[in-house]
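Visitor: One structure, pasted below without further comment.
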Protein chains: 4
Amino acid sequence: MTLPDPPARSFASDNAAGAHPAVLEAIARANVGHALAYGDDDETRACERRFSEVFGRDVKTLLTFNGTGANVLALTALARPGDAAICTEWAHVNVDETGAPERIAGIKLIDVSAPDGKLTPDQIADHAHALGDFHHAQPTIVSITQSTELGTAYTVDEVAAVCDAAHRHGMRVHMDGARIANAVASAGGTVAALRAMTVEAGVDVMSFGGTKNGMVGGEAVLFLDPTLGARGQYIRKTVTQLPSKMRFVAAQFNALLDNDLWLALAGHANRMATELHVAAGDIPGIDPGPAPAVNSLFPILPPDVIGPLQAWSFFWDWDRSRHQVRWMAAWDTDPDDVATFATGVRQILTGSD
Amino acid sequence: MTLPDPPARSFASDNAAGAHPAVLEAIARANVGHALAYGDDDETRACERRFSEVFGRDVKTLLTFNGTGANVLALTALARPGDAAICTEWAHVNVDETGAPERIAGIKLIDVSAPDGKLTPDQIADHAHALGDFHHAQPTIVSITQSTELGTAYTVDEVAAVCDAAHRHGMRVHMDGARIANAVASAGGTVAALRAMTVEAGVDVMSFGGTKNGMVGGEAVLFLDPTLGARGQYIRKTVTQLPSKMRFVAAQFNALLDNDLWLALAGHANRMATELHVAAGDIPGIDPGPAPAVNSLFPILPPDVIGPLQAWSFFWDWDRSRHQVRWMAAWDTDPDDVATFATGVRQILTGSD
Amino acid sequence: MTLPDPPARSFASDNAAGAHPAVLEAIARANVGHALAYGDDDETRACERRFSEVFGRDVKTLLTFNGTGANVLALTALARPGDAAICTEWAHVNVDETGAPERIAGIKLIDVSAPDGKLTPDQIADHAHALGDFHHAQPTIVSITQSTELGTAYTVDEVAAVCDAAHRHGMRVHMDGARIANAVASAGGTVAALRAMTVEAGVDVMSFGGTKNGMVGGEAVLFLDPTLGARGQYIRKTVTQLPSKMRFVAAQFNALLDNDLWLALAGHANRMATELHVAAGDIPGIDPGPAPAVNSLFPILPPDVIGPLQAWSFFWDWDRSRHQVRWMAAWDTDPDDVATFATGVRQILTGSD
Amino acid sequence: MTLPDPPARSFASDNAAGAHPAVLEAIARANVGHALAYGDDDETRACERRFSEVFGRDVKTLLTFNGTGANVLALTALARPGDAAICTEWAHVNVDETGAPERIAGIKLIDVSAPDGKLTPDQIADHAHALGDFHHAQPTIVSITQSTELGTAYTVDEVAAVCDAAHRHGMRVHMDGARIANAVASAGGTVAALRAMTVEAGVDVMSFGGTKNGMVGGEAVLFLDPTLGARGQYIRKTVTQLPSKMRFVAAQFNALLDNDLWLALAGHANRMATELHVAAGDIPGIDPGPAPAVNSLFPILPPDVIGPLQAWSFFWDWDRSRHQVRWMAAWDTDPDDVATFATGVRQILTGSD
């Protein structure tokens, strides 16, 4: 058996991809002369204005470095001493931020079971009973991830139902949108779809991911209810997330927002994941799992092929007890990458060329 | 009176400068294919190796986004519950980080008077009396800034004396090196000078600034005593400072370290500040203050010219009660910028062309 | 139907009981002349010595005000930035301390399912996979409650198995012993039983409850491994738990430790709960649940009698969805209280005198 | 030279004194039957009502264990992320709480010079310049101590001036009233004087000390502006300061408030300090310092007598560089204690009987 060369771009993660050329060009374009630091520059002002345009209303935009920082900033802005945030057991804030929300925002996280990565209105109602009891951390924040860590996406109605349940109990809704672009692309790929699943559905504050969607690095915290962001600038600094030469973060976002590049890139990543899912479905011995809503699939493989496959073209384990792995496409995944990867998988699984 | 056009590059701050071309080229060069995130990539490994080479011993390097984050990471690594850090009243950690060290590291800051921005061994000894008294936060950390916020720089002997005093009392020394390059350039501009004023003087952990010295953005936390950084990777994530596409931060540092570009850039900035100081000394009505050790001067101006000057070419007030301002050169300041700025200042001060 | 007067002492909680006369006498006895504050007094020194005697080795004792404070002190002493503690979903630290451990110790709590209130070695092993992965809060602490919040108690072997599993993974074990006396009384009521289920089983640090067992107020944090408490005095102050006139807390503990009064009181409370359980088993319509291991039972009642019963003699709901309530005996519960309460319950349930 | 026996009650501290008999009686009286925990009891309700009566308006009262806890609770209630509190260099929150405010409230403390222990309106105005600059922790809280750590007391006008300056800049005023009783006693010893220097002067939240004024232990946090305490009950628990058997803390305060016992005790302590100051003024070689405003004096002694004096009857050093010590009277100091102590001091200083 002769394996092909591994694909030029692996299926390990969308943050293993580099930056889109337009992003690098934007950085170079912004690199002219001096500009005051900390956001008092034209690129940042343009970026803030553009986010308001995208959402069709005055949102308060705070640019930050990374997703953990964006989430911590948003949660710190929402939380008061003694508060808690309800999230799923899979939430990035819960399992992939090394306790940053607890340490910095000072909140408790209440994680609930979510086989598909989505929080439900019933779960919010269940925990609302703690409100008013001073022995319990007060669940006044709901944090959801769109698209989710499990490669699913809330429908507009699902987000709206979560927001309604939360607001009914006086809670605020935070959306971790590290991959919001993939969710929007999956729901039609329009600005209208973005608005529908965020501000119109009732989300109070969200992060808008850039890093995983073709940027060198950068995330935006968007206070869709700007009054909640009134103290945001102080909080951004106190959580260490104030970029000095902010023009370079802003320029990247401006490049993404130009001509809806953010939607094109995410839509492409989604399509590549779908292609890979289709290809995997044809390979004997693989349970490809449900068709991906966004840019990742979570197939179950025969246990003894996982190691050889990863040695050939790396990807991450997901649930070792079930021999489940994660394959994730990126903005720059090429159809050839999908074909090559599927070929290799087939060869290793079937033991034949 | 006809003022010249303001200089192309103002004297507001070194973080108002953009990125050096070699830095942008390095980012572009690193932007090839996929690389695993969070530091598991060749650029980061090379960067870590190179910092060890620069210091001539095995240091533990953790790349971060910005100076506040680097300081918070270092202090969090050193501090235990109930600890305090001694610093000057001018320290960036004390006055320019919106309480981030207190909130995230959970420490108390003890700030002491320092007319020249430098901490003295005596001040350390004075506060050592609190050690062992459980009513007092325990001053087990000393934090100094090199070069200082007041444009001065510790000599090698001064750093060593601070470290000796600290170590004698069982304290650890943190150096905020957001502008370490300027201090090293000022002390001879060699790697030997860097080693002498840091690891050889006894500094335990430091940040090595990149942003203010020609990078798009990035700082390195260097545990010169690597045992102190044993848990650094967890702490970096919990303080929100783990870059996802770390190769791009590493590539920038690699560019700076190539052929000692970092020293050339900082040395140039220092020289431009000196040129401006000399020029200012010839202008009647200005008290230019002491000759700059590094890249900033703090002149005292006639009060009524400050506003018009800032309107013409912006810079920051420093101490309004004394009509003192700050002029700061950057890696890209051109001699023409100095000449133009001095001309404008002279015209506004003297009221003549 | 004529209800009897409600019992003089309700079954609401053991912290609804007052103080034992010997405790008040000890306070009065300690109230002679002046004694230095903050523990530099004879009562405190005696108390510290006595705890070492009780445990048969040199333990480090830190007296505190209350159970939340004792837990937070212990967890703060064990935790480093980025750490997490594994506990059950019922743990007091998890659900009844309004997020104090997260805010003050800065840790993440990882709560696991526990139908009987007990953590298992398997659950520890399950979470140990996160060790070494810097994206995840590091589960280096295991926190168990003895006796548990569900009225059960770990056997000596169960504690030892938890400690072994924890230590095998380099984790430390904290025991919330707010009701340790009840567990010891249930396991034979000897000092040997205490030692067996704590220091000999491998517990590293524990709280030893006083408030619920006849004191006015006070808890002791015991570092069974004294090296873990080396910085305990600083931490006690920084978590606000340093009693000023400490002699009065110490005197109460000294009274409890005299002649094993603590065991007598807890044993009595346990017996009263057993008596009530037996009596409840005879009343038609009640599911009394399992025989109580310690001083509380969790019967299931017909839904429509719960309100009237509570109006007659208050107790707390436990799980409203199942019509489950909690009845808890205290050190001062009288057999007459049990008889009276059982009579009232029977009358309200059966609708007859 | 034959020294007399040391005084029965030393001049070390008012927290070295025990509890007033009426306080112990109140505890015993409250120790009847069961009462729900956490404040849902008659003693606590009475205590809350009485504090409102004392202040002549509806104040929100939260009972706590100790002074550090009371201060931390108040500051946590006032602070938002990124905030700072201005206090004096001598403030208990600044130097005697092992960094608890920083760790738990998450705030920065800005300490200012205060030779007499009092903050001035000018100092508030000086720091107000930081408001609105997101690089600086926002000084939105002013914390003063009444009576001060230096044995002085603010006049009513001085408190009002501080409050006016603070409020003019949108800051809130916290008063650490661990020794408020001594200040009130010094200012006339009436409830009217209390109101004048607190709620009428503009203080927003204060602690009302019990421990140092004859209680076994307990402090009250009083939100004079009750809206600021809206979330106080959650915060009290999350900062570990919720007493379980709260009736016993409340009963102590009720005893102190009966017939203005709190004023009688503090007034007596003040008089004893004055007597000692007069006696010390007659002893050659002592600089007794200014006449005490409250219950402590800070004499300067010949350096070689301090050790022998402390060995005979202990007291604390204050400023070793100046050979300054602190002598403090308590509620139970007897005129005989003063006479005996003065005799001993005279003998040791003069070397004669």
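The values are calculated or read from the model by the stated rules, or taken from the named source; none is laboratory data. Here the structure is a predicted model, which means the values were calculated and not measured. Virtual Cβ from ideal backbone geometry, glycine too; neighbours counted across all protein chains shown. The accessibility values were calculated without ligands, DNA or RNA, using every heavy atom of the protein model including side chains. Shrake-Rupley method; radii C 1.70, N 1.55, O 1.52, S 1.80 Å.
Visitor: Summarise the accessible area of the range B:236-353 (1.4 Å probe, protein heavy atoms) by the percent that is carbon and sulfur.
Guide: Roughly 53 percent of what the probe reaches on the range B:236-353 is carbon or sulfur.
Visitor: Related question: What percent of all Cα-Cα pairs in chain D falls in each 10 Å bin, counting up from 0?
Guide: 6, 25, 31, 23, 12, 3, 0
Visitor: Let me ask another. For peptide B:272-282, how many partner chain Cβ atoms fall within 10 Å of a residue's Cβ, on average?
Guide: 0
Visitor: How shielded is A:6-15 by partner chains, expressed as the average number of their Cβ atoms within 10 Å of its Cβ atoms?
Guide: That average works out to 3.
Visitor: Taking Cα atoms of the range C:206-262, Rg/Rh with Kirkwood Rh, to two decimals?
Guide: 0.99
Visitor: Do any residues of the range D:24-41 show a loss of at least 40 square angstrom of accessible area between the isolated chain and the full protein assembly, using a 1.4 Å probe, and if so which?
Guide: Those are D:L24, D:N31, D:H34, D:L36, D:Y38, which lose 40 Å² or more relative to the chain on its own.
Visitor: Probe 1.4 Å, all protein chains in place: accessible area of B:K60 in Å², nearest 10?
Guide: 60 Å²
Visitor: Closest to the B-onto-D rotation axis, which residue of chain B has its Cβ, and how many Å off the axis is it?
Guide: Taking the axis that maps B onto D, the answer comes out as B:E102, 2.
Visitor: Anything losing 50 Å² or more of accessible area from the isolated chain to the full protein assembly: pick those residues out of the range C:116-143, probe 1.4 Å, ligands and DNA/RNA ignored.
Guide: C:F134, C:H135
Visitor: Shortest first, in nm, what separates the label point of D:T2 from those of the same position in the other copies (7 Å along Cα→Cβ)?
Guide: 7.7, 10.4, 11.4
Visitor: Find the sum over both chains of the accessible area lost when D and C are paired, probe 1.4 Å, and report it in Å² to the nearest 100.
Guide: Its buried surface, counting both partners, is about 4000 Å².
Visitor: When chain A is modelled as a GNM with alpha-carbon springs shorter than 10 Å, which of A:A187, A:A77, A:A35 fluctuates the most?
Guide: Looking only at A:A187, A:A77, A:A35, the biggest GNM fluctuation is shown by A:A35.
Visitor: Rounded, prolate or oblate: which fits the range D:167-260 when a ≥ b ≥ c are the square roots of the eigenvalues of the alpha-carbon gyration tensor, with rounded for a/c under 1.5 and prolate only if a/b beats b/c?
Guide: oblate
Visitor: Can you flag which of A:K108/D:K245; C:K118/C:K237; B:K237/D:K237; D:K60/D:K245; A:K108/B:K108 are past 22 Å Cα-Cα?
Guide: Over 22 Å apart, Cα to Cα: A:K108/D:K245; C:K118/C:K237; B:K237/D:K237; A:K108/B:K108.
Visitor: Okay, next question. Before rounding to the nearest 500, sum -39500 (n - 2.57) across all DSSP H runs of length at least 4 in the protein assembly as shown and divide by the residue total; then give [θ] at 222 nm in deg cm²/dmol.
Guide: For the protein assembly as shown, the value works out to -12000 deg cm²/dmol.
Visitor: Based on C-alpha coordinates, I'd like the Rg and Dmax of the range C:37-126, in Å.
Guide: Just the Cα atoms of the range C:37-126 yield Rg and Dmax of 16.0, 47 Å.
Visitor: Could you list which residues have their amide H under 5 Å from that of A:I110, counting only those 5 or more apart in sequence or on another chain, with H placed in the peptide plane?
Guide: A:A85, A:I86, A:C87
Visitor: Moving on. In whole Hz, with x marking every Gly and Pro, tabulate ³J(HN,Hα) for the range C:167-184 from phi via Karplus 6.51 cos²θ - 1.76 cosθ + 1.60, θ = phi - 60°.
Guide: These are the phi-based 3J(HN,Hα) values: 5, 4, 9, x, 8, 9, 10, 9, 10, 7, x, 4, 10, 4, 4, 5, 5, 5 Hz.
Visitor: Let me ask something else about it. Taking 45 Å as R0, compute the FRET efficiency from the Cβ-Cβ separation of C:D5 and D:D334 and round it to 0.05.
Guide: 0.40
Visitor: For peptide B:74-84, what's the mean number of Cβ atoms from other chains within 10 Å of each residue's Cβ?
Guide: 5
Visitor: List every residue whose amide H lies under 5 Å from the amide H of D:N66, counting only residues 5 or more places away in sequence or on a different chain, with H placed 1.01 Å from N in the peptide plane.
Guide: D:E219
Visitor: Just from the alpha-carbon atoms, what are the Rg and Dmax of the range C:74-148 in angstroms?
Guide: For the range C:74-148, the Cα radius of gyration and maximum Cα-Cα distance read 11.7, 34 Å.
Visitor: Using Cα atoms only, what is the angle between the long axis of helix B:67-78 and the major principal axis of chain B, expressed in degrees (0 to 90) to the nearest 10?
Guide: Around 30 degrees separate the two axes.
Visitor: Bins of 10 Å, beginning at zero and ending with the bin holding the largest distance: percent of Cα pairs per bin for the range A:224-290, please.
Guide: The calculated distribution, bin by bin, is 16, 22, 25, 19, 15, 3.
Visitor: Once the mean 1/r over all distinct Cα pairs of the protein assembly as shown is inverted, what Kirkwood radius in angstroms do you read off?
Guide: For the protein assembly as shown, the Kirkwood estimate is 33.8 Å.
Visitor: Also, I was wondering about something else. Assuming 1.306 mPa s and 10 °C, estimate D for the range D:188-316 with Stokes-Einstein, Rh taken as the Kirkwood radius over Cα pairs, in µm²/s.
Guide: The Stokes-Einstein estimate is 89 µm²/s.
Visitor: Tell me the volume per residue, in Å³, of the convex hull enclosing the alpha carbons of the range B:1-85.
Guide: 198 Å³
Visitor: To test your reading of the geometry: what angle, between 0 and 90 degrees and rounded to tens, separates the Cα axis of helix A:261-281 from the longest principal axis of chain A?
Guide: Roughly 40 degrees, rounded to the nearest 10.
Visitor: In addition: Rolling a 1.4 angstrom probe over the protein heavy atoms, how many square angstrom per residue are accessible across the protein assembly as shown?
Guide: Value for the protein assembly as shown: 32 Å² per residue.
Visitor: Now for a separate question. Provide the percentage of antiparallel DSSP beta bridges, counting only those with both residues in chain D; round to the nearest 5.
Guide: If I count the DSSP bridges inside chain D, around 50 percent turn out antiparallel.
Visitor: Next up: Whole-Hz ³J(HN,Hα) for each residue in the range C:95-102, computed from phi via Karplus 6.51 cos²θ - 1.76 cosθ + 1.60 with θ = phi - 60°, x for glycine and proline: what do you get?
Guide: 10, 10, 10, 6, x, 4, x, 5
Visitor: May I pose another question? Comparing D:V325, D:V95, D:V294, which has the greatest mean-square fluctuation in the GNM of chain D with Cα pairs linked when under 10 Å apart?
Guide: D:V95
Visitor: Another question about this same structure. Whose amide H sits under 5 Å from the amide H of B:G39, counting only residues 5 or more places off or on another chain, with H placed in the peptide plane?
Guide: Here the answer is B:M246, B:R247, since their amide H atoms fall under 5 Å of that of B:G39.
Visitor: Round to a whole angstrom and tell me the spacing of the C-alpha centers of the range B:181-259 and the range D:51-81.
Guide: 45 Å
Visitor: Additional query: Go ahead and set up a Gaussian network model of chain B, Cα springs under 10 Å, then flag whichever of B:D319, B:D133, B:D176 fluctuates most.
Guide: B:D133
Visitor: Quick one: putting +1 on the C-beta of Lys and Arg, -1 on the C-beta of Asp and Glu, what dipole do you get for the range B:180-287 around its Cα centre, in Debye to the nearest 20?
Guide: 640 debye
Visitor: Moving on to the next point. Return, for the Cα atoms of the range D:108-194, the radius of gyration and Dmax in Å, separated by a comma.
Guide: Both quantities, over Cα of the range D:108-194: 13.7, 45 Å.
Visitor: Quick one: 3J(HN,Hα) in Hz for the range D:30-38, Karplus 6.51/-1.76/1.60 with θ = phi - 60°, rounded, Gly and Pro as x.
Guide: Residue by residue, the range D:30-38 yields 6, 8, 10, x, 9, 8, 4, 7, 6 Hz.
Visitor: How large is the charge dipole for chain A, taken about the Cα centre, if only the Cβ atoms of Lys, Arg (+1) and Asp, Glu (-1) carry charge, to the nearest 20 debye?
Guide: 940 debye
Visitor: Also, I was wondering about something else. Along the charge dipole of chain D, pointing to its positive end and built from +1/-1 on Cβ of Lys, Arg, Asp and Glu, which listed residue (D:T343, D:G132, D:W318) has its Cα farthest out?
Guide: D:G132
Visitor: Right, here's the next one. If one takes the longest principal axis of the Cα atoms in chain D, at what angle in degrees, from 0 to 90 and to the nearest 10, does the Cα axis of helix D:246-257 lie?
Guide: For helix D:246-257, the angle is close to 60 degrees.
Visitor: Please give the charge dipole size of the range D:70-119, origin at the Cα centre, charges +1 on K and R Cβ atoms and -1 on D and E Cβ atoms. Round to the nearest 20 debye.
Guide: 200 debye
Visitor: Quick one: with all protein chains in place, what share of the accessible area of the range A:32-190 is carbon or sulfur, to the nearest percent (1.4 Å probe)?
Guide: Here it works out to 49 percent.
Visitor: Please tell me the relative contact order of the range B:229-353 in percent, rounded to the nearest whole number, where contacts are Cα pairs under 8 Å and at least six residues apart.
Guide: Computed over the range B:229-353, the figure is 24 percent.
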